[in-house]
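Asks: Take this structure, written in structure tokens, and hold onto it; I'll ask about it next.
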Amino acid sequence: DISAEEQQFNDLIAQDSRIEPRDWMPEAYRKTLIRQIAQHAHSEIIGMQPESNWILRAPSLKRKAILIAKVQDEAGHGLYLYSAAQTLGVGRDEMTEQLIAGTARYSSIFNYATPTWADMGSIGWLVDGAAICNQVPLCRASYGPYGRAMVRICKEESFHQRQGFEILLELMNGTPEQRQMAQESVNRWYWPALMMFGPPDDDSPNSARSMAWKIKRFSNDELRRRFVGMLVPQAEVLGLTLPDPDLTWNEEKQAYDMGQPDWDEFHEVLAGRGQMNAQRMQRRRDAHDEGAWVREAAAAYAARQSATTER
Ligand code: 3HC
């Protein structure tokens, strides 16, 4: 027999209600949420690096302003998500230390290089597009603070996806070299973007419980397929080819049959052996060291403030 608290937790989940920070929850529920929300936050913070590579080299002031706004949004998403994770009892410093130490996961996608301007288009269109596909269902996650954080984040993501689409559209309406640069970029980002949804369902150890607890609403493969279904008509408008020779419409399934990402590459990136893992971690560590004086000053100011108010 289970405790009254656990029964209440199970009822709230069964009724599709929210679990709030003050509610009783199974330790495993708390742990998997800390794992996922912290990882999501780390992804947003590391995710600023690929795009910041082009802020000083954007082709126009308009593009520079848009890119700065987008990177700033990602920073805000990260802080939003760290705050959501903190409601579960994990400290901000603890999560930061895990990232700095290299023991925390962040999304594989941010370990890829951004050698051309077209990558800013592919990241917006493919990476933020995939993020929207993954994050809209998370707005209904059973844990209140996470679901509510997602609502705000999803609104900003649609601007991110649209500006990426527009960059690619401009390039595809440009010179043959610009068209070639756009297609070459999509060829590099398409498969890593599909890996953002996680491993295949039969290789996804967290999915069953995460779906039972209504954290994950759709399986990894289901969202991946849904995302590709959204991309195909947009690729046609752009005049871009999606680099999957097995991509074909399945009338009977009313969905696309598609090839598989290179899961060996996925596991290599997760093991820290991707194109840019070392650079991303080094940059994050440097930023932490360079920012130490700000943290110290803020702490000293806070101490002085509380001392004066205590008098
Ligand atoms: N990159 C890194 N690790 C990944 C991964 C990826 N693309 N996909 C899966 N993994 C990890 C999981 O974390 C898990 O490892 P762990 O148990 O050590 O944490 C393991 O691979 C097995 O995967 P599962 O499917 O069992 O794990 P989940 O049930 O957690 O599903 C997920 C993975 C779909 C990514 C889920 O965690 C999720 O929805 N997370 C929230 C969304 C998120 O983190 N998005 C990252 C992109 S960041 C972003 O969108 C920024 C935007 O502004 C561009």
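Asks: Report whether or not Arg162 is of a type in the set (Lys, Arg), open to solvent by 10 Å² or more (accessible area, probe 1.4 Å) and more than 19 Å from the chain's Cα centre (by Cα). So that I can check it myself, show each step before the final result.
Replies: Numbers: of a type in the set (Lys, Arg): yes; open to solvent by 10 Å² or more (accessible area, probe 1.4 Å): yes; more than 19 Å from the chain's Cα centre (by Cα): no.
It is false that Arg162 is of a type in the set (Lys, Arg), open to solvent by 10 Å² or more (accessible area, probe 1.4 Å) and more than 19 Å from the chain's Cα centre (by Cα).
Asks: Considering only the stretch 204-214, state which residues are within 8 Å of the ligand (Cβ to nearest atom), in contact (Cβ under 8 Å) with a residue 12 or more places away in the chain and part of a loop (DSSP other than H, G, I, E, B). Talk me through it step by step, then tell me what you get.
Replies: Just the residues of the stretch 204-214 that are within 8 Å of the ligand (Cβ to nearest atom), to begin with: 204-207, 210.
Still in the running and in contact (Cβ under 8 Å) with a residue 12 or more places away in the chain: 204, 206-207, 210.
Result: Ser204, Asn206.
Asks: Of the numbered conditions (1) in a helix (DSSP H, G or I); (2) surrounded by fewer than 24 Cβ atoms within 10 Å (Cβ to Cβ), Ala130 fails exactly one; give the number of that condition.
Replies: Evaluating Ala130 over (1) in a helix (DSSP H, G or I); (2) surrounded by fewer than 24 Cβ atoms within 10 Å (Cβ to Cβ) leaves (2) as the failure.
Asks: So, in the stretch 100-153, exactly how many residues are away from the ligand (no atom under 13 Å from the Cβ), farther than 20 Å from Ile46 by Cβ and of a type in the set (A, V, I, L, M, F, W, C)?
Replies: Summing the residues that are away from the ligand (no atom under 13 Å from the Cβ), farther than 20 Å from Ile46 by Cβ and of a type in the set (A, V, I, L, M, F, W, C) in the stretch 100-153 gives 3.
The values are calculated or read from the model by the stated rules, or taken from the named source; none is laboratory data. Quick caveat, the model's predicted, so the values are computed rather than measured. Note that we place each Cβ from the backbone using ideal geometry, even for glycine, and neighbour counts take in every protein chain shown. Areas reflect the complete protein model, heavy atoms only, side chains present, ligands, DNA and RNA absent. Shrake-Rupley method; radii C 1.70, N 1.55, O 1.52, S 1.80 Å.
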